[in-house]
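Working notes for the structure below.
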Amino acid sequence: MDIEQFYDEDTRRRSSVEVEFGQDWRDAHGVRYELSWVEDTGELYVMREPAPSGWATPFGGIHARGSHSTDEKELEAMTVEVVGNVPSREEVERLLEGWQQAIEGPGSVAWLVGRLRERGVLAPGATVTP
């Protein structure tokens, strides 16, 4: 979904405090992500820049040109995906401790996916290809 759709689906998101955990997370393909946490909903979400066709997201989604009706919109805009729920700011900060160093490395999304998975935040069934 795009960011407007994300905010429209739950009105608490628009008025909530958001904590940003970096804008330059990169996956193995060089696709850029932003990571944020919404205080009122506890949602940890990534916003991803347009991705090349035929590519699997590290959080379990598949992006393949022509595979769905929103393909052109997805190519033109950032897309949002909720990757987990963390109830408090203290917990999300503890969960992501060390992110400032991790984001600087190549393929930093692999660190993020690993951290979310080992701490039980990312769904265990998600197919991950960082």
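No lab work stands behind these numbers, since they all come straight from the coordinates. In this text, all values refer to a predicted model and were calculated from it rather than measured experimentally. Glycine gets a Cβ as well: all are built from the backbone with ideal geometry, and neighbour counts include every protein chain shown.
In what order do E90, E18 fall by count of nearby beta-carbon atoms within 10 Å, going from fewest to most? Show your work: numbers first, answer last.
Numbers: E90 9, E18 13.
Exposure proxy ranking, most exposed first: E90, E18.
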- Item | Residue-by-residue Karplus 3J(HN,Hα) for region 99-107, coefficients 6.51, -1.76, 1.60, Hz, glycine and proline x | 5, 4, 7, 5, 5, 6, x, x, x
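Going by how many other Cβ atoms sit within 10 Å of their own, how do E91, E43 line up, fewest first? Walk me through the numbers on the way to the answer.
On the way: E91 14, E43 21.
By the 10 Å Cβ count, ascending: E91, E43.
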- Note on the structure: Ordered by fewest other Cβ atoms within 10 Å, a rough proxy for footprinting exposure, R48, R26, R32 read R32, R26, R48
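Give me the net charge of L112's neighbourhood, meaning all other residues with Cβ under 13 Å from the Cβ of L112; Lys, Arg count +1, Asp, Glu -1.
-1
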- Give me the net charge of E9's neighbourhood, meaning all other residues with Cβ under 14 Å from the Cβ of E9; Lys, Arg count +1, Asp, Glu -1. -4
- A correct Karplus calculation of ³J(HN,Hα) over region 38-43, with 6.51 cos²θ - 1.76 cosθ + 1.60, θ = phi - 60°, whole Hz and x for Gly and Pro, returns 9, 4, 6, 10, x, 7
- Task: Would you pull out the residues with amide H under 5 Å of R32's amide H, same chain only if 5 or more places away, H placed 1.01 Å from N?
- Result: E49
- Task: Would you kindly state how much longer the chain becomes between R119 and E20 on full extension, computed as 0.36 nm times their sequence separation minus their alpha carbon distance, in nm to one decimal?
- Result: 33.7 nm
